[in-house]
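What follows is one structure encoded as structure tokens, with my remarks underneath.
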Amino acid sequence: MEALRRGSMGNTQTQPDPFFICPEEQNEQDLIDGVIDALFFDKKELEYIKNDPLVRMLIGNDPGHYNFTIITAMGVITEGKQGTELHTAIERLEKERGVATIRADTGTARSIDYNANKIEEAVNIAVELKRPYGLVGYSQGCANEMNFEAMMISGTPDQQKVITGDYGLVCRQLLFSAANGSMHGPATEAKVHQLITMIEEFLKYQQGYFSRAFISTTIDVLNSGLDSSAFQKFLGGTKSFLPYASRTFWREAQHLPHIPTCVIRGVLEAHTTPESLDMLSNTLTKQSGSALHDSQVHVYDAVGHPVYFKNRNGRILKSTDMGGAVQRTHHWSPLCEEVEYMRTDRDVEHGVFDCAKDRHIFPFCDVNARFGIIKYAGVEN
């Protein structure tokens, strides 16, 4: 509640201090305004949502379970199927809507091809449940899931059936998508090139002070580290943030033309920034010249279609991208226990990790169920 109160105070249209402390004493329509003020960043989008009569009516979906399974693929740092991202929201979704969730066993800093194969393993398990499924990606997990879909379409007939059959793919959800890369990628690449040049100049000067044997040993150690399997896997997992890798992927990718894509994008504010992300967010702002980001990706990149490469497949994805209002949150909003060791007193005071977790998956399921993309259990048509 403290986080919501602070969120509403950050907007020009603020509510009284005890507004969210005693919500039962407030008018329903005032509560709607307060929640909208607390959640959404862009003033034009905020006013549009407030003026939507359907929002005012608060028409919920009919009770019942959905005939649906979620496949999750989390970010560049993840514990795969042992991960706990969004586990409380996932448990509530299963209890209220009967939606099963299967975590893909993706790896930390692994290539999108490796992770796509792990998603395929999770999808094969979901197909055995004989229920349609949707993909939920977070950060780099969005690129992994897009790559999985492209691999299935261009694969064997059995692989194509996995996404186009009766129990195939029906919708996507992209959380803070890094499928279009991140400014961190090219900025870091430029810094690494400068660092290598500086080290080379420094070592050239030191050649006169060390023996040939010592220099050869040092070079061998460096080469062994750079050629190691762990380092090569790390490079493969991070290159998707670079522009050239992103363009290569989107140039070859294929995706289904009838699958709706939902997205969540966020913008940081002073009261929603984890203290551990202060330097990273300020660095991204300085590197890009824009503060419209969640500390990892910008709002104009975190969309459900390619931004920097234009082709037929990109137009298909753009036509199925339902978009999403920019929210007042940070890139780590799906996390809680996973970042407990980095939570500071300021984070606790602002409640930056206590934001509503349900928003990451409940609206995605409900909107697709409302329009018949996701069926209710026991309902054929």
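Points to keep in mind about this one:
- Dipole check for the range 124-232: with +1 at the C-beta of Lys and Arg, -1 at the C-beta of Asp and Glu, and the Cα centre as origin, the magnitude is about 140 Debye.
- Under the Debye formula (equal points on every Cα, no solvent term), log10 I(q)/I(0) of the range 267-381 at q = 0.14, 0.22, 0.24 Å⁻¹: -0.76, -1.21, -1.30
- Nearest-20 debye value, the chain charge dipole, Cβ charges on Lys, Arg, Asp, Glu: 1380
- The length gained on full extension between Ile59 and Glu200, counted as 0.36 nm times the residue separation minus their Cα-Cα distance, comes to 44.3 nm.
- What the range 215-255 shows is 63 Å² of accessible area per residue, with the surface traced by a 1.4 Å probe over protein heavy atoms.
- Estimated FRET transfer efficiency (Thr218, Lys310; beta-carbon r; R0 35 Å; 0.05): 0.15
- Against the criterion of solvent-accessible heavy-atom surface with a 1.4 angstrom probe, Arg370, Arg212 sort, most first, into Arg212, Arg370.
- Equivalent ellipsoid dimensions for the range 80-180 as semi-axes, Å, which come from the Cα gyration tensor, largest first: 20, 18, 12
- Distances between placed amide hydrogens fall under 5 Å for Gly266 paired with Gln327, all partners being 5 or more residues away or on another chain.
- Counting only protein heavy atoms and a 1.4 Å probe, the range 25-108 has 54 square angstrom of accessible area per residue.
- Contour excess over end-to-end distance, with Cα ends at Phe231 and Tyr48 and 0.36 nm allotted per residue: 61.1 nm
- Computed with a 1.4 Å probe on the full set of protein chains, the accessible area for Lys233 sits at about 90 Å².
- On Cα atoms only, tilt of 229-238 relative to the major axis of the chain in degrees: 50
- Rounded to the nearest 10 square angstrom, Ser228 shows an accessible area of 40 square angstrom against a 1.4 Å probe.
- By average C-beta atoms within 10 angstrom, highest first, the peptides 168-176, 321-329: 168-176, 321-329
- Cα centroid of the range 83-127 to Cα centroid of the range 147-193, whole Å: 14
- Against the chain, whose longest principal axis is taken from its Cα atoms, helix 243-252 shows a tilt of about 60°.
- Were the residues from Tyr114 through Val339 laid out at 0.36 nm apart, the gain over their Cα-Cα distance would be 78.5 nm.
- Calculated on C-alpha atoms, the gyration radius of the range 223-302 divided by its Kirkwood radius gives an Rg/Rh of 1.07.
- The range 176-193 - phi-based ³J(HN,Hα) in whole Hz, Karplus 6.51/-1.76/1.60, Gly and Pro as x: 6, 5, 10, 5, 9, x, 8, 4, 4, x, x, 5, 5, 4, 5, 5, 5, 4
- Start at zero, step by 5 Å, and the Cα-Cα distances of the range 321-381 spread as 4, 13, 20, 17, 13, 11, 10, 7, 4, 1, 0 percent across the bins.
- Once the Cα atoms are used to define both axes, helix 87-97 deviates from the longest principal axis of the chain by about 30 degrees.
- Projected-area average for the chain over all orientations - Cα convex hull basis, square nanometres: 22.5
The values are calculated or read from the model by the stated rules, or taken from the named source; none is laboratory data. If you're wondering where the values come from, they're calculated on a predicted model, not measured in any experiment. Note that we place each Cβ from the backbone using ideal geometry, even for glycine, and neighbour counts take in every protein chain shown. SASA here: full protein model, heavy atoms, side chains in, ligands and nucleic acids out. Shrake-Rupley method; radii C 1.70, N 1.55, O 1.52, S 1.80 Å.
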